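The values are calculated or read from the model by the stated rules, or taken from the named source; none is laboratory data. Since the structure is predicted, the reported quantities are computational estimates derived from the model, not experimental observations. So basically every Cβ, Gly included, is an ideal-geometry build from the backbone, and we count neighbours across all protein chains shown. Surface accessibility is based on the protein's heavy atoms, side chains included, excluding ligands, DNA and RNA. Shrake-Rupley method; radii C 1.70, N 1.55, O 1.52, S 1.80 Å.
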Amino acid sequence: MTVTDATVSAEEPYRPSARRLAREAYRRQRARRSALIAAVSTGATALVLYLVIVNSPGWAVTRKTFFSLHFARQALPEVLKGLRVNLELMVVCGALILVFGLLLAVARTLRGPVFLPVRLLATAYVDFFLGLPMIICLLIMITGVPALRLTGVTTDPMVLGGAALVLTYSAYVSEVFRAGIQSVHPSQRAAARSLGLSNAQAMRYVVLPQAVRRVVPPLLNNLVSLQKDTGLVSIGGVIDAVYAAKIIAVQSFNYTPYLVAGLVFIVLTVPMTRFTDWITARMNRRQWQGGLV
Amino acid sequence: MTTPATPVLRLESVRKSFGDQVVLRDISIDVPAHSVTALIGASGSGKSTLMRCTNLLEDIDDGAILLDGEDVTDPRADQDAVRRRIGVVFQAYNLFPHMTVLDNITLAPRRVHGVGRAEAEDRARELLDRLGLAAKAKEYPDRLSGGQQQRVAIVRALATTPRLLLLDEITAALDPELVGEVLAVVRDLKIQGMTMVLSTHEMSFAREVADQVCFLDAGVVLEQGPPEQVFGDPREERTRQFLSRIVAAGRLAPQ
Ligand SMILES: Nc1ncnc2c1ncn2[C@@H]1O[C@H](COP(=O)(O)OP(=O)(O)OP(=O)(O)O)[C@@H](O)[C@H]1O
Ligand SMILES: [Mg+2]
């Protein structure tokens, strides 16, 4: 074994060896091959699906009732108009739900006898609204509250429906947050408290940042599901995207408007999921040691 | 293809960088069978990185790592098969917190090597007993002391009787008496034919147990040789500086 002189070799620039170049060439070749295989298998699958659908006996009728360009054109502006309702509800309710859900989750993790009533209330709330079917909650809010004829309380079905969404989804989301909080190892809390941070500070600066990061994917699940459930306010007469599609479909006996509404929702969801994937991947890359496995 | 002269582990001009930082620049080491190689060097000199590369947890940029003469860094190599032949004790232990000590130890023998439950547990208990942990078999890792966790990690790595054992700072959390105990275990393993690479800041440990000492500095093996030579009569100025600081810190008796 030779002892290399560090100072000399530090100055000569690094040149990749033939071994490295060969390895990289092999990896590139393999990457190209996998890309090719992926493309071919995707293409083949798409082709088979296409042929099966197009050659099915009812295709001619199905095409007319589900894929009619004429009705799609007629439905799109109406669906987009209705989509405003969904978007408004989603943004406003989504923000409220995140805040309310987090508060509920934190309330349930408070320790000490002083907080017993808070803990009990939060637990009872979550139990109740987790169990209560969404549609019943909506009906109670949209039809029950106006029936009380309280002065100063709105009868706007959109506001009441939104409130029902917030009530129910806060319970779901608080459970997600609670799972995240509990998944943070107790040693983290111990380290924070040993540094002199109060219980609340340990929660705020050490536990919650880790917990929230872990639950981003399930939270997104809830938000996407909320986005679709915003349509339920149409039982109060509000015209959202799906209801707008239904109106046209009922008049024309053609289902294309539903397909249009469905596609619009998908188009909304995809950027959201890609964005959260990107955010979490970036955070992990910076914090974790990484490696091959 | 393995002749008696084929080293168990051979590093050929290994290079590894993280972003712009070149941690290992040009590392070449031979580890003969049934020998112990100690890696020494300042904190951050790349000892743990070298072990992670050897266990194929990191891709190396250049050079090659050969296990029993077979290039394991070749992209065509079966990485799982390679890792099955290498035991590792991580610097941070990396025990599975959701499993008891016994389950931590028997996981790989049972699931990877197909050993029966009874046999795997017998062997695990024997090893635990050897390291003075017989009473902790049913305990969970978080409830053990640091030194106990470290010993469990050693047992977990040994339980699969690997061809090569990588030990990253295995005496860091131990009291002098336990250091002696671990030293005895390492010696025993060597007599039984185990090949080991260990990193340590405990120079007296390295001197007693190693056949070969490698001093890592600035991404190269600056000095390499039997412990008597590296500790007793270092050739390089940097090695001398490093060792004199260690002597000053009381981690190596002056010659
Ligand atoms: N995943 C990583 N990403 C970026 N830099 C890293 C990564 N892992 C290690 N490093 C850097 O590589 C260098 C060597 O780290 P390594 O853990 O190998 O040191 P070490 O010799 O084991 O030190 P110690 O004796 O303190 O354990 C350090 O500067 C470290 O910051
Ligand atoms: Mg290290």
Kindly work out what percent of the DSSP beta bridges joining two residues of the stretch B:56-199 are antiparallel, to the nearest 5.
20
Checking B:T171, B:T100, B:T160 against a Gaussian network model of chain B (alpha-carbon springs below 10 Å), the top fluctuating residue turns out to be B:T100
Computed over all unlike Cα pairs, the Kirkwood hydrodynamic radius of the stretch A:73-133 in Å stands at 14.2
Given the options A:R189, A:R214, A:R84, which has the most mean-square fluctuation in a GNM of chain A, springs set between C-alpha atoms less than 10 angstrom apart?
A:R189
Positive dipole terminus of chain B, leading residue within B:T239, B:G63, B:I105 (C-beta point charges):
B:I105
Two-site FRET efficiency, A:R204 against A:A38, from Cβ-Cβ distance with R₀ of 45 Å, rounded to 0.05:
0.50
If I ignore ligands, DNA and RNA and count only protein heavy atoms, how much of B:F96 is accessible to a 1.4 Å probe, in Å² to the nearest 10?
70
Let me know the shape class of chain B, please: from the alpha-carbon gyration tensor, a ≥ b ≥ c as square roots of the eigenvalues, rounded when a/c is under 1.5, otherwise prolate if a/b is greater than b/c, or oblate.
oblate
Would you kindly calculate the mean projected area, averaged across all directions, of the convex hull enclosing the Cα atoms of the stretch A:218-279, in square nanometres?
4.5
The protein assembly as shown: antiparallel bridges as % of DSSP beta bridges, rounded to 5, reads 50
Dividing the surface of the Cα convex hull of the protein assembly as shown by four yields a projected area in nm² of 37.4
Separation of alpha-carbon centers, the stretch A:265-293 and the stretch B:142-194, rounded to whole Å:
39
Quick one: how many Å² of A:R108 are accessible to a 1.4 Å probe, rounded to 10?
50
Proportion of all alpha-carbon pairs of the stretch A:84-236 beyond 19 Å (%)
58
Taking only protein heavy atoms and a 1.4 Å probe, the highest-to-lowest accessible-area order of B:H34, B:H201, B:H98 is B:H98, B:H34, B:H201
Using a 1.4 Å probe on the heavy atoms of the protein chains only, list every residue of the stretch B:210-250 that has 40 Å² or more less accessible area in the complete assembly than in its chain alone.
B:L222, B:Q224
Heavy atoms only, 1.4 Å probe, whole protein assembly: order B:F18, B:F231 by accessible area, highest first.
B:F18, B:F231
Exposure ranking of A:W59, A:W278 by accessible area [1.4 Å probe, largest first]
A:W278, A:W59
At 1.4 Å probe size, with no ligands or nucleic acids counted, give the accessible surface of A:K228 in Å², nearest ten.
120
Tell me the label-point distance for the pair A:R63, A:S225, using the 7 Å Cα-to-Cβ offset, in nm and rounded to one decimal.
3.9
Against the 2.2 N^0.38 Å rule of thumb, the C-alpha Rg of the stretch B:99-161 sits at a ratio of 0.99
Given a 1.4 Å probe, how much area per residue of the protein assembly as shown is accessible, in Å²?
54
Output the Kirkwood hydrodynamic radius of the stretch A:1-111, Cα pairs only, in Å rounded to one decimal.
22.7
Using a 1.4 Å probe on the protein heavy atoms, what percent of the accessible area of chain B belongs to carbon and sulfur?
48
Span from the the stretch A:215-263 Cα centroid across to the the stretch B:221-242 one, whole angstrom
74
Buried solvent-accessible surface, both chains (B, A), 1.4 Å probe, Å² to nearest 100:
2200
Chain B: antiparallel DSSP beta bridges as a percent of all, rounded to 5:
50
Using the Cα centre as the reference, give the magnitude of the dipole from point charges on the C-beta atoms of chain B (Lys, Arg: +1; Asp, Glu: -1; all else neutral), rounded to the nearest 20 debye.
560
Separation between the A:A18 and A:R149 pseudo-spin-labels, each 7 Å from Cα along Cα→Cβ, expressed in nm?
9.7
Each label sits 7 Å from Cα toward the beta-carbon; between B:A118 and A:L132 the label points are separated, in nm, by 5.9
Bins of 10 Å, beginning at zero and ending with the bin holding the largest distance: percent of Cα pairs per bin for the stretch B:19-59, please.
23, 57, 18, 2
Ranked packing of A:285-291, A:24-30, B:63-69, most packed first, by mean Cβ within 10 Å:
B:63-69, A:24-30, A:285-291
Which of the residues in the stretch A:271-293 lose at least 20 Å² of accessible area when you go from the chain alone to all protein chains together (probe 1.4 Å)?
A:Q289, A:G291, A:L292, A:V293
